[in-house]
Amino acid sequence: MEVIPAGQYREWYEKSRLVPYLAAYIRLPAPLVMGVRHVQDELRDTDSRQIYCPESSLHITVKEFGWYGEDVKAEGMSKVIEIVRRVASKCKPFEIGIDGVGIFPTAIYGAVGKGADEIRGLNMSLVRELGDSVVESEYDGVAMKPHATMLLFATQDVEPLLRKATSMATRFIGETAVDEVQVVKWYPHRLFESAGEQETVSELVATFKFEGRN
C-alpha cells in the first residue's frame, strides 16, 4: 500500500483556520476510548512520528456535510440540524463494537464491526433527506466503511508501523451501547498543533438522542 502523508493535503486541513468543516458523528464512549488508547500506545511505541488523534477527537463519522458557508450556507444550517434531529428520533439505541485495526492510505483506524449496519443506515437516511443541500461523498451509502481514525500518517517510511497494525487486524478493542449522534464544527488543522490545541479539534453544535422504541 502506498501511504499518503497528511502533508500532501495540508491545504485542506489549513482551510479550517478560516471556516469549520461540518459533520454528524458518534463520539466514542469511554469504554471504547480506553481500548483505542491502548492500541494507540502500542502503535506509538513502534513509531511516534505520526499524528495520533487525541482522546477528545475520537469518533465515528456518520455523515460529512462540508465546509460551513460554502457547502452548507449559514441560512441552511437550521435545516441540516432539524433533519439530523428527525433521523435520530427514529433510530433505536444500538451496540457498536470495534473489533480490528485497519489501514487506509492516509490513516490507521479501528474497524467497526457490530453496529456498522446501523451507522450505515443513519448515513443513508441523512443522504436521502438532505439531498444536495450538503456535500456528496463517494463513501456514503453502501460504500461507507464505519471506523474510528486513530492516527494520520505524517511520513511514508512506515513499514514497521504497517506490520504492527496488520498484526492487530483482528484485535478486539471493545463494544458498548450508543444512544446519540452529534453535529459538530470540526477544525482539523488543530491536529497538527500542540496538545492543548488538539483537545479542541471539534466544537459541539447539537446532540440528538436515538428515541426509536425497541
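Rule-based calculations on the coordinates, nothing more; no lab input. The structure presented is a predicted model; accordingly, all values stated were derived computationally and were not measured. Heads up, the Cβs are rebuilt from the backbone with ideal geometry, glycines too, and the neighbour counts pull from every protein chain shown.
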Exercise. Using the count of nearby Cβ atoms within 10 Å as a rough guide to exposure, how do Asp132, Asp41, Asp140 rank from fewest to most?
Worked result: Asp132, Asp41, Asp140
Problem set entry | Using alpha-carbon coordinates, inclination of helix 116-130 to the longest axis of the chain, degrees | 50
Exercise. What shape does region 121-213 have by the C-alpha gyration tensor, where a ≥ b ≥ c are the square roots of the eigenvalues, rounded means a/c under 1.5, and otherwise prolate means a/b greater than b/c and oblate the rest?
Worked result: prolate
Seminar exercise, completed: Only helices counted: for the chain, with every DSSP H run of 4 or more residues adding -39500 (n - 2.57) and the sum spread over all residues, [θ] at 222 nm is -9000 deg cm²/dmol
Exercise. How do Leu126, Leu204 line up, fewest other C-beta atoms within 10 Å first?
Worked result: Leu204, Leu126
Problem set entry | Contour minus Cα-Cα distance for Met34 and Glu55 (0.36 nm per residue) | 6.7 nm
Problem set entry | Taking the chain and dividing mean pair separation by its residue count, relative contact order in percent (alpha carbons under 8 Å, at least six apart) | 35
Seminar exercise, completed: Computed over region 74-127, the relative contact order (Cα-Cα under 8 Å, seq sep at least six) in percent reads 33
Exercise. Between Ala143 and Met124, what length in nm is gained on full extension when 0.36 nm per residue of separation is reduced by their alpha carbon distance?
Worked result: 5.8 nm
Exercise. Helix 77-89 sits at what angle to the longest principal axis of the chain, using alpha carbons and giving 0 to 90 degrees rounded to 10?
Worked result: 90
For this session: Take the alpha-carbon centre of region 143-183, take the same for region 110-132, and report the distance between them in whole Å.
Result: 18
Problem set entry | In degrees, nearest ten, helix 30-46 long axis to first principal axis of the chain (Cα) | 30
Exercise. Toward the positive end of the charge dipole of region 35-153, about the Cα centre and with charges on Cβ (Lys, Arg +1; Asp, Glu -1), which of Leu151, Val84, Val62 goes farthest?
Worked result: Val84
Seminar exercise, completed: Put in order of increasing Cβ neighbours within 10 Å, starting from the fewest, Met34, Met150 give Met34, Met150
